[in-house]
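The next block holds one structure in the form of structure tokens; read it before the comments.
The values are calculated or read from the model by the stated rules, or taken from the named source; none is laboratory data. As the structure is a computational prediction, the values presented were derived from the model and not from experiment. Here the Cβ positions follow ideal geometry from the backbone for every residue, glycine too, while neighbour counts run over all protein chains shown.
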Amino acid sequence: MGRTRVIDREAVLCAAERVVSREGAARLTLEAVAAEAGISKASVLYDYKTKQALIRAVIERRVSAENARLGEAIDRLGPVPDRVIRGRIAAASRSVSDADRAVALNLAAALAQDTELRAPIQEAYRHQIAEILEKSSHPRGALLAFLALEGLKLLECLGLCSWPEDERKRLLEEIASLADRVPTVLPGEDRQR
């Protein structure tokens, strides 16, 4: 009979996020995560053979949590038109916390250097864009709203811009209005693009 495993993968990933937040992804080591979690390095190695595997697990966990948060926001709207884009906008009404911003900033450096680490995020965006295009009354307007929303969130997440709460609320309302529009096509342009 084998020994019962007592190491909680979630606890290891929480410890990895704390290390990334505090020290950056570049300084993340299996030893640092083990020390943060209060376990042996061998215990971390059991589930995550490499630093890259551990960072990928943190990214996948973040993507999964964000997808769940978005799904909950969409479900709360009930059966309304354009609920996918409207749910995303509703979910964005909550600003990014300083802790989430620190993890995102530090993971961004790792993403910039490793195409494999970007794969879970790329897949999530492909799925989200396809769903928005499929389930919106005005797919191009909804796509523009999505792009504007992601731009707003990125600027905030990277700490490049912030807005007073009343201005942020107004921006989100204006982004929501894009979802109801059919974008204007300039003369000579193909509407199919």
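Numbers at a glance
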quantity	calculated
Flag for Val103 being assigned to a loop (DSSP other than H, G, I, E, B) and of a type in the set (A, V, I, L, M)	no
First in the stretch 87-98 and modelled with pLDDT under 90, second anywhere and small (Gly, Ala, Ser) and surrounded by 15 or more Cβ atoms within 10 Å (Cβ to Cβ), Cβ under 8 Å, 6 or more apart	Val96/Ala104
Pair list, Cβ < 7 Å and 6+ apart or interchain, from the stretch 117-146 residues that are assigned to a helix (DSSP H, G or I) to residues that are hydroxyl-bearing (Ser, Thr, Tyr) and crowded, with 16+ Cβ neighbours inside 10 Å	Ala142/Ser136
Meets criteria (in a helix (DSSP H, G or I) and within 19 Å of the chain's Cα centre (by Cα)) for Arg76	no
Restricting the stretch 103-142 to residues that are of a type in the set (S, T, N, Q) and crowded, with 17+ Cβ neighbours inside 10 Å, the residue that is nearest to Arg22 (Cα to Cα)	Asn106
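Table: residues versus (1) among the acidic types (Asp, Glu); (2) more than 21 Å from Gly71 (Cα to Cα); (3) at pLDDT 90 or above.
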residue: Ile132; (1), (2), (3): no, no, yes
residue: Ala148; (1), (2), (3): no, no, yes
residue: Lys153; (1), (2), (3): no, no, yes
residue: Glu165; (1), (2), (3): yes, yes, yes
residue: Arg170; (1), (2), (3): no, yes, yes
residue: Ala176; (1), (2), (3): no, no, yes
residue: Pro183; (1), (2), (3): no, yes, no
residue: Asp190; (1), (2), (3): yes, yes, no
